[in-house]
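What follows is a set of notes on a single structure, which appears directly below.
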Amino acid sequence: MEHKDMRMLTEMARGARPAELVLKNAVYLNVFTNEFLSGDIALAGGRIVGIGTYSGLKEIDLTGKTVVPGFIDSHVHLESAVVSPAEYARTVIPHGTSAVAADPHEIVNVLGEAGMEYMLRFAEMEEMDIFLNVPSCVPATSFDESGATFSSEEIRKYLPLERVLGLGEMMNYPGVLFGDSEVLEKISAAKACEKVVDGHAPSLSGNDLTAYTAAGITSDHESTELEEALEKMRLGQWIMIREGTSCKNLRALAPLLLDERYAQRCTLATDDKHPGELKKEGHIDHMIRMALAEGVKPEAAFRAASFNAALRFGLKEQGAVAPGFAADLVVLDDVRSVSVDSVYKKGKLVAERGTLKSDISVSIEKELSDRIHDTVHLDPVSAADFDTCGRERKVIGLVPGQILTTDEGCAETADPERDLVKICVAERHKNTGHMGLAFLKGYGLRRGAVATSVAHDSHNIIAAGACDEDLAFAVNRLRELRGGMVAVENGVVLAELALPIAGLMSELSAEEVQAAMDQVKAAAADLGVNAEIDPLMTLSFVSLPVIPALRLTTRGAFDVLKFELV
């Protein structure tokens with residue numbers, strides 16, 4: 001800030017000059033003292049210039065309303081909302097979200113640097129801060145077949161950028177523990193730029209967790225139990241309490257927010273959340289409501305949703321209603337219900353009564369646009385490609401409400417009546433023809449097939465089917481759509497959603513996307529899929545080879561605990 005601008009702001013702070021905008025008679029949250037106070041909030045130049053008694057060129061009376069800092073999602077994959085980043089922003093801003101810390105490893109696994117460049121274009125929008133963490137695991141493991149690799153060399157290119165906060169979740173914890181040189185080089189690169197390193201180490205404990213943390217990994221969003229979170233926090237990690245579509249951990253970890261000793265080291269995160277839930281439930285505001293229902297004090301819940309996340313990422317001018325901070329503010333009609341009246345970004349009104357004030361427009365050059373729309377490359381498949389030839393294959397068991405899986409032994413044939421169906425992962429980036437086959441238990445499918453090109457993290461095509469013919473038909477339909485989600489039976493498409501952006505995202509509105517997804521989910525339910533699980537999100541995680549215990553890759557079943565193909 002130039003000194004002349006600073007002089008003007010200090011004059012406004014002293015009351016010697018009227019502020020640009022004053023929010024009069026507000027109750028506001030002071031995150032430094034954890035209390036709600038009263039006063040006028042004076043804004044100018046995108047910042048808060050003072051709190052007390054002020055006059056402004058424009059004044060808005062907030063009598064009866066409460067002002068809190070804009071909400072920050074501390075760990076999210078924008079691609080998992082299945083809409084474009086601009087549409088994602090349009091959806092969450094009216095819920096009070098002013099910033100997200102996004103890890104674009106989904107699209108970077110598909111497109112490499114082109115995926116990173118695509119996401120950086122959206123980081124330029126004014127209505128919401130999209131900060132990025134450079135993906136650390138592209139591919140997630142050496143056993144994966146992703147569309148690209150992202151080495152320490154590429155990572156060094158992006159870490160110094162202003163919109164980059166650090167290194168994304170380090171899922172390859174065996175690489176950390178056993179000194180993989182490339183893994184350690186990525187962490188060292190982040191440290192050299194004085195950037196943070198996010199963690200991903202479900203169930204890691206004891207000396208292994210200590211070693212993982214000692215390497216410089218200072219956060220975790222994978223804790224599902226209180227004791228797991230406490231062990232990680234006691235070693236110095238920030239705990240990102242997660243509540244998304246597949247992983248719902250807030251109630252289990254709410255005691256952290258009930259205790260002042262722990263609450264100051266907690267942030268809130270959605271990780272992966274579908275558009276319908278974002279529209280119906282909300283975003284971080286939904287998590288705050290859940291926390292309050294668990295008995296958490298409003299001061300602690302709102303602080304975790306804002307200032308704690310800013311502290312974790314070194315966002316020195318965000319997360320507080322205080323002089324000198326960015327005027328990223330949420331005006332609430334009611335604290336307990338987290339009813340959002342209006343949202344300000346850098347002092348500008350960006351949303352009011354659930355509606356964005358202006359369209360979000362981001363320009364993508366044609367060459368980049370063409371690249372992100374051409375990511376599905378595989379030859380047509382036939383039922384014969386799914387024949388196991390009487391050989392035993394591993395059985396992957398699902399755990400309702402979690403993305404953890406179990407090893408259920410082996411089987412030779414599918415038996416839908418006994419909840420045992422065939423599952424495949426078909427490589428779709430480079431047309432290698434590789435396809436992993438196994439069986440799936442706990443999915444519930446009795447007829448037909450369900451398939452998606454959203455298959456974490458390499459995002460090949462994953463499909464579960466009661467018969468080989470429908471499996472082949474579902475995979476071929478996604479090939480025609482250039483990616484998507486589909487439910488089929490007897491060679492007929494029951495419902496589908498095209499995802500032409502990297503095979504991950506739609507160009508439709510959040511409302512249209514959710515309507516199509518609901519149709520696919522309803523069709524999956526009619527085919528017998530377990531009502532306790534999300535048929536798409538759950539399926540998409542079966543190919544993620546970094547979360548215990550058993551997964552499926554294009555090369556076959558993978559034992560995460562042994563870190564080997566089985």
Seminar exercise, completed: Of the residues in region 115-145, those that are more than 20 Å from ASP359 (Cβ to Cβ), touching a helix residue (DSSP H, G or I) at 6+ places or on another chain (Cβ under 7 Å) and either charged (D, E, K, R) or open to solvent by 20 Å² or more (accessible area, probe 1.4 Å) (or both) come to GLU117, PRO139
Exercise. With GLU124, GLU153, GLU162 as the choices, which residue is closer than 26 Å to LYS348 by Cβ and without any contact (Cβ under 8 Å) to a residue 12 or more places away in the chain?
Worked result: GLU162
Problem set entry | Matching entry among ARG303, ARG353, ARG289, ARG336 (being under 16 Å from THR97 (Cα atoms), open to solvent by 50 Å² or more (accessible area, probe 1.4 Å), of a type in the set (Lys, Arg) and touching a Pro at 6+ places or on another chain (Cβ under 9 Å)) | ARG353
Exercise. Within region 326-378, which strands (runs of 3 or more DSSP E) (wholly inside it) include 3 or more residues that are at pLDDT 95 or above and hydroxyl-bearing (Ser, Thr, Tyr)?
Worked result: 339-345
For this session: Assess whether LYS24 counts as being surrounded by 17 or more Cβ atoms within 10 Å (Cβ to Cβ), in contact (Cβ under 8 Å) with a residue 12 or more places away in the chain, basic (Lys, Arg) and in a strand (DSSP E or B).
Result: yes
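Per-residue answers, yes or no, for (1) at pLDDT below 95; (2) buried (at least 19 other Cβ atoms within 10 Å of the Cβ); (3) part of a loop (DSSP other than H, G, I, E, B); (4) hydrophobic (A, V, I, L, M, F, W, C):
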site: THR406; (1), (2), (3), (4): no, no, no, no
site: CYS424; (1), (2), (3), (4): no, yes, no, yes
site: THR432; (1), (2), (3), (4): no, no, yes, no
site: GLY436; (1), (2), (3), (4): no, yes, no, no
For this session: Kindly indicate which of ALA192, ALA211, ALA148 is open to solvent by 10 Å² or more (accessible area, probe 1.4 Å) and in contact with an Asp or Glu (Cβ under 8 Å, 6 or more places away or on another chain).
Result: ALA148
For this session: State all residues of region 200-212 that are part of a helix (DSSP H, G or I), touching a residue at least 24 places away in the same chain (Cβ under 8 Å) and on the phi > 0 side of the Ramachandran plot; if no residue qualifies, say none.
Result: none
For this session: Could you check, for region 438-453, whether at least one of its residues is of a type in the set (Ser, Thr, Tyr), more than 21 Å from PRO400 (Cα to Cα) and either assigned to a strand (DSSP E or B) or open to solvent by 10 Å² or more (accessible area, probe 1.4 Å) (or both)?
Result: no
Exercise. Can you tell me which residues in region 363-377 are closer than 30 Å to GLY465 by Cα and either of a type outside the set (A, V, I, L, M, F, W, C) or open to solvent by less than 20 Å² (accessible area, probe 1.4 Å) (or both)?
Worked result: ILE372, HIS373, ASP374, THR375, HIS377
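The values are calculated or read from the model by the stated rules, or taken from the named source; none is laboratory data. Small disclaimer: the values here were computed from a predicted structure and weren't measured. Neighbour counts are summed over all protein chains in view; Cβ atoms, including those assigned to glycine, are modelled from backbone coordinates with ideal geometry. Please note that ligands, DNA and RNA were not included when accessible areas were found on the heavy atoms of the full protein model with its side chains. Shrake-Rupley method; radii C 1.70, N 1.55, O 1.52, S 1.80 Å.
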